Amino acid sequence: MPMFHIATLSGSPAESSRSGFLLQSAEAQLNRIGIATHAIAINRLPPAQLLQFETAGIELKNALSIIAAADALIIATPIYKAAYSGVLKTFLDLLPQDGLSGKPILPIATAGSAAHLLALDYTLKPLLTALGARHLLASVLATDAELRKDGVRYAAEPTLVARLTAGVAELAAVLPRRAPTFSTRAASRLQTAAHS
Ligand SMILES: Cc1cc2nc3c(=O)[nH]c(=O)nc-3n(C[C@H](O)[C@H](O)[C@H](O)COP(=O)(O)O)c2cc1C
């Protein structure tokens with residue numbers, strides 16, 4: 001069975017984060033079906049390396065290697081000022097011009113208001129396209145109202161869980177055509193788990 005690697009990129013500056021929670025839920029779903037994930041939390045990268053483009057620094061170097069080696073990506077961001085987070089842009093600015101070429105991407109965003117969720121379409125998607133991405137899946141979008149704070153964690157509304165599961169299943173299904181049987185089987189296992 002081929003081993004796929006999916007890089008997950010968290011674009012919230014907050015340690016406890018709604019978009020980060022959805023990203024971790026997506027990681028858990030992928031891990032359960034045998035797909036490895038490699039998490040990059042941009043807020044944990046050294047700020048000086050990020051701001052000064054010190055790509056030789058070990059932390060940034062590792063993060064950029066994870067992106068380069070990934071078969072696909074999940075990118076999660078909060079909506080800030082009707083766009084993706086500045087933290088996310090700072091990191092993506094470090095990628096080479098074709099750094100996302102050949103990598104399917106599932107975008108995830110959370111926002112205070114549903115009115116700004118579509119901002120992803122006219123802010124993040126053009127940026128990802130400029131970096132070479134050609135296969136952008138339908139975004140998983142959530143409002144804060146759909147993510148209740150439950151102690152130190154978040155609890156997602158069932159309809160949101162279903163949307164996330166569908167997005168993750170779609171990503172698993174489009175993993176490199178090297179092994180269509182595996183990816184189709186993985187996607188169908190996810191859908192079955194979501195409905196049991
Ligand atoms: C600086 C800042 C700017 C924000 N701008 C918007 C906005 O323009 N539109 C919106 O709907 N929500 C906005 N929000 C709310 C966040 O998008 C929302 O709470 C999101 O779920 C936070 O994600 P996180 O917990 O992953 O950081 C903003 C929040 C902050 C802190």
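The values are calculated or read from the model by the stated rules, or taken from the named source; none is laboratory data. Treat the numbers as computed from the prediction; the structure is a model and nothing was measured. Positions of Cβ are backbone-derived with ideal geometry, glycine not excepted, and every protein chain shown enters the neighbour counts.
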- [ ] Go through the range 56-79 and count every residue that is out of contact with any strand residue (DSSP E or B) (no Cβ under 9 Å at 6 or more places or on another chain) and either aromatic (Phe, Trp, Tyr) or not in a helix (DSSP H, G or I) (or both).
- [x] 2
Task: Breaking point among (1) part of a helix (DSSP H, G or I); (2) within 16 Å of the ligand (Cβ to nearest atom); (3) surrounded by fewer than 22 Cβ atoms within 10 Å (Cβ to Cβ); (4) polar (S, T, N, Q), for Ser16 - done: (1)
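Could you grab me the full set of residues in the range 138-156 that are crowded, with 18+ Cβ neighbours inside 10 Å and within 28 Å of Asp93 (Cα to Cα)? First the steps, then the outcome.
First pass over the range 138-156, keeping only residues crowded, with 18+ Cβ neighbours inside 10 Å: 139-143, 146-147, 154, 156.
The answer is Ser139, Val140, Leu141, Ala142, Thr143.
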Open item on the list: Quick check on this structure: which one of Ile58, Ile67, Ile75 is touching a Pro at 6+ places or on another chain (Cβ under 6 Å) and on the phi < 0 side of the Ramachandran plot?
Closed with: Ile75
Task: Odd one out for Glu59 among (1) among the charged types (D, E, K, R); (2) exposed (fewer than 15 other Cβ atoms within 10 Å of the Cβ); (3) under 13 Å from the mean Cα position of the chain (by Cα) - done: (3)
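From Val174, Val168, Val161, grab the single residue that is touching a His at 6+ places or on another chain (Cβ under 8 Å) and either modelled with pLDDT of 95 or more or surrounded by fewer than 21 Cβ atoms within 10 Å (Cβ to Cβ) (or both). Can you show your working first?
Numbers: Val168 fails: touching a His at 6+ places or on another chain (Cβ under 8 Å); Val161 fails: touching a His at 6+ places or on another chain (Cβ under 8 Å).
Step by step, each of Val174, Val168, Val161 is checked, and only Val174 is touching a His at 6+ places or on another chain (Cβ under 8 Å) and either modelled with pLDDT of 95 or more or surrounded by fewer than 21 Cβ atoms within 10 Å (Cβ to Cβ) (or both).
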Open item on the list: Give all pairs with beta carbons closer than 6 Å in which a residue from the range 1-21 that is more than 15 Å from Ala109 (Cα to Cα) meets a residue that is assigned to a strand (DSSP E or B) and away from the ligand (no atom under 16 Å from the Cβ); count only pairs at least 6 apart in sequence or on separate chains.
Closed with: His5/Ala36; Ile6/Thr37; Ile6/Ala72; Ala7/His38; Ala7/Leu73
TODO: State which residue pairs qualify: first residue under 19 Å from Leu164 (Cβ atoms) and inside the range 30-45, second residue hydroxyl-bearing (Ser, Thr, Tyr) in any location, beta carbons under 6 Å apart, and separation of 6 or more residues or different chains.
DONE: Leu30/Thr37; Thr37/Thr8; Ala39/Thr8; Ala41/Ser10
- [ ] Filter the range 133-152 for residues that are over 19 Å from Ala115 (Cβ atoms) and more than 19 Å from the chain's Cα centre (by Cα) and give the result.
- [x] Arg148, Lys149, Asp150, Gly151, Val152
